[in-house]
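Derivation of every value follows stated rules applied to the coordinates shown; laboratory data play no part. Keep in mind that this is a model prediction, so the values were computed, not measured. Heads up, the Cβs are rebuilt from the backbone with ideal geometry, glycines too, and the neighbour counts pull from every protein chain shown.
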Amino acid sequence: MQLNAGEDSRYEENPGDCVGGADVLDLRRHRAWAELTYMERFVHGYAGRRGHLVYPFTMVGGDPSSTGTTTVTTYLIPFKLVFQASDQSQACGSAPVTFDPYKVLSNGQAVVDNVISSPIFTPVPFSQGSGDTLQYIDAFQRANFWGVVQGNTSYHLKLGPLPVTVLQTPPLVIPAANGSAKDETGTLGGCMGIVYDWGWFVGQILIAMSSLSQVQPNTLPIFLTDDVFLTSINGGFHLATGTSNPQTYIWATYNDGSCPGGFNGLCVAQDVADLSHEVAEWADDPFGRTSSPCPSYPLLEVGDPLLGQQHYYSYSGANNGFSYHLQDLVMLPFFEAQTGTS
Ligand SMILES: [Zn+2]
C-alpha cells in the first residue's frame, strides 16, 4: 500500500522512539518567519550546529514568540455514508447500512454534538499556570513552544468561531465495489463501515467539498464520519489540495465501538482520538510534507509516534461529563532525540 504524506496506517507503523535524530532545536534562532494571507502560518525550523536553519517547518498560526491569538475559521461537516454492501452479520444486518454522525449515543447526545462538546472545540482546563481553559490544539501548541510562550502569554491557536459552524453535505452512497459494512467486534467493536480504496474516498470528499462555498483556503473543513474506517483501520487523515493556494482539510471518524479487542489488545481509537490526532498533525504539518530530523519518523507528524499505544489525555468533567479520549502527542524535541527517548 502506498503511503502518502499525512496519511496514517495503524498496521504499518511501529510506534516507538525517535532513533538517531540530529541537531538542536533552538527557537531563538528563527530566520524565516512568514505570514501568508491565505492561512496564517509561520515558518521556522530546527537549527543546525552552525546556526543555519535546517529542517524548516511551516505551522498553522502566528509566531509563538510575538503574536497573539490566531483563530482559524473551522467548519464541521457531518458526512453520512450509506453502504450498499453488508456482511449480513448480526451486528450489521442487511444492506443498505447507514452510518450517520447524527446518530444518538448512549449519553443522549448525537455524535456531532458530542464532538462539538469535546475539548477539540470546547475549551477545558489545562494546567498551564494561569487557570486557562484551552482547546486541545491550543494547549498542545502552547506547550510545544512554552520556551517562548511563557514570555508571550497572549499566543493562542484556536479553532472557531464558537460554537463551531456545522455545514451540511448530501449523504454519500458507497457502492459495493468500494466498501462494506462489516462486523468488527473482534477489533473495534460492533458494525463498522469499511471503505476499501483510500484514493476513491479522498476523491469523494473533494467532490463534496467543492460544493461548499464557505470552504476557502483560509478555513479548515473537517469531515466527520461515524464508525467508518479505511482498510487497515485508518480512521482519519489530513491532506492539502492545490499548489499555489492549498486547501487543507481533515477527515476523521468518531469511534463509539466498545473496543473489546482493539489493536494489539489496546483500545487506541475511541471517540475523538482520531480527530485529535489529525487536528494536531494538521496544525504542525498542514501540508503533510515537512521533513523531520528523526530518521524513524521522517515527517513532522506529531501523532504518529504514539499511534497504537494507549497514551491518552482522557478528559471528562466540564462540558457534558463524557470521558473523551484525546491522543497524546510528541513535542518537537522528540524529533531531534539523539537516542531512544520520548
Ligand atoms: Zn498521523
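Couplings for the range 290-306, taken from phi via the Karplus curve 6.51 cos²θ - 1.76 cosθ + 1.60 with θ = phi - 60°, read 7, 6, 10, x, 8, x, 7, 9, x, 10, 7, 10, 7, x, 4, x, 10 Hz in order; Gly and Pro are left as x.
Counting only lysines at least 8 places from Lys158 when in the same chain, there are none with an alpha carbon closer than 25 Å to its own. The simple spin-label model puts a point 7 Å past each Cα toward its Cβ; for Gln109 and Thr165 those points are separated by 2.3 nm. If you take every residue apart from Ser89 with its C-beta less than 12 Å away from the C-beta of Ser89, what net charge results, scoring Lys and Arg +1 and Asp and Glu -1? Every neighbour counted, the sum reads -2. For Gln135, neighbours were defined as the other residues whose beta-carbon sits under 14 Å from its Cβ, and their charges (Lys and Arg +1, Asp and Glu -1) total 0. Within the straight-line cut-off of under 23 Å between alpha carbons, the lysines reachable from Lys103 are Lys80, Lys182, sequence neighbours fewer than 8 places apart in one chain being disregarded.
Label sites at Asn218 and Trp200, each approximated as a point 7 angstrom past Cα along Cα to Cβ, lie 3.8 nm apart. Each of Tyr136, Ile222, Met192 was scored by the projection of its Cα onto the charge dipole of the range 69-336, and the greatest displacement toward the positive side belongs to Ile222; charges sit on the C-beta of Lys, Arg, Asp and Glu.
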